[in-house]
Amino acid sequence: MHQIDLPNIAANTPLWLALVTTFVAALSGAILGRQPSRVSYDIVGVAVFAFVLGLGGGITRDLLLGNLPPLALRSPWYLAAVLAAVVTVLVIGRWIRVGSWTFIVLDALALGLYAVIAAQMAIEFGLPDIGAITVGFLAAVTGGAVVSVLRGETPQILLPSQPYALLAAVGATVYVLLDQFSGGLAALACLGSVISLRVITLRWDLRTHSVRPLPEQDGSGPAEPEAR
């Protein structure tokens with residue numbers, strides 16, 4: 001009985017898949033720039049959001065690992081994917097259904113790929129398992145958090161909401177735990193778990209809950225030291 005040798009797309013990601021991931025993430029960023037809000041953004045603002053969401057994860061990963069210059073800046077194709085996303089949103093953005101299941105699955109795929117590729121690269125750089133999971137998690141969520149800050153909002157991953165950051169952590173953990181047995185299986189398991197959990201949380205509207213705040217102080221404040 002022959003053993004099936006699954007390709008490890010985390011260690012050897014096809015260029016087309018990396019570009020699709022970048023395009024989908026950048027598309028989300030550009031759409032955020034065009035959504036109605038208290039501030040209207042110009043073409044630069046829309047492009048910056050697309051750049052941060054499309055390439056922010058990879059750049060964060062490379063900065064953490066000291067892999068400089070970042071891979072996303074060594075090839076023109078990644079920037080071309082971001083530019084294509086910006087043009088797409090400017091031309092037909094009003095007809096793009098962000099809430100459609102197709103877009104949701106592609107967004108979850110991008111989340112999982114950012115986590116798994118970063119975790120794999122961290123392993124190659126000799127980081128321990130917890131370090132690889134941390135790098136994978138940060139690479140997956142940093143872009144969205146930065147965009148929220150630029151929009152003057154609290155990052156959604158910090159608030160009670162449908163799990164998103166947790167999915168990146170789960171995906172990176174699954175990959176790191178299974179990588180010692182089969183890199184190909186680990187990559188597919190990571191992507192499968194992230195996409196499945198994303199669909200499940202949306203389908204049943206599962207949400208995180210706020211942590212109970214500490215009781216208020218009596219208002220007296222800390223005691224002042226006595227003068228000597």
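The values are calculated or read from the model by the stated rules, or taken from the named source; none is laboratory data. Small disclaimer: the values here were computed from a predicted structure and weren't measured. Here the Cβ is made from the backbone with ideal geometry for all residues, glycine too, and neighbour counts use every protein chain on show.
Annotations for the structure displayed:
- Flag if V39 is of a type in the set (A, V, I, L, M, F, W, C), more than 21 Å from A119 (Cα to Cα), at pLDDT below 90 and out of contact with any Cys (no Cβ under 8 Å at 6 or more places or on another chain): yes
- Where a residue in segment 138-159 is closer than 24 Å to V44 by Cβ and its partner, wherever it lies, is hydroxyl-bearing (S, T, Y), with Cβ under 6 Å and at least six apart: T142/T60; P155/S148
- Filter result for G131 (outside any helix (DSSP H, G or I) and either free of Cβ contacts under 8 Å to residues at least 60 places away in the same chain or surrounded by 18 or more Cβ atoms within 10 Å (Cβ to Cβ) (or both)): no
- Residues being modelled with pLDDT under 90 and under 17 Å from the mean Cα position of the chain (by Cα) - total across segment 73-110: 9
- Hits in segment 106-131 - residues which are within 16 Å of G29 (Cα to Cα) and out of contact with any Phe, Trp or Tyr (no Cβ under 8 Å at 6 or more places or on another chain): L106, D107, A108, L109, A110, Y114
- Count of residues meeting criterion [surrounded by 12 or more Cβ atoms within 10 Å (Cβ to Cβ) and either of a type in the set (S, T, N, Q) or farther than 21 Å from I104 by Cα (or both)] in segment 175-214: 14
- Residue within segment 44-56 that is more than 19 Å from A108 (Cβ to Cβ) and either at pLDDT below 90 or aromatic (F, W, Y) (or both) present: yes
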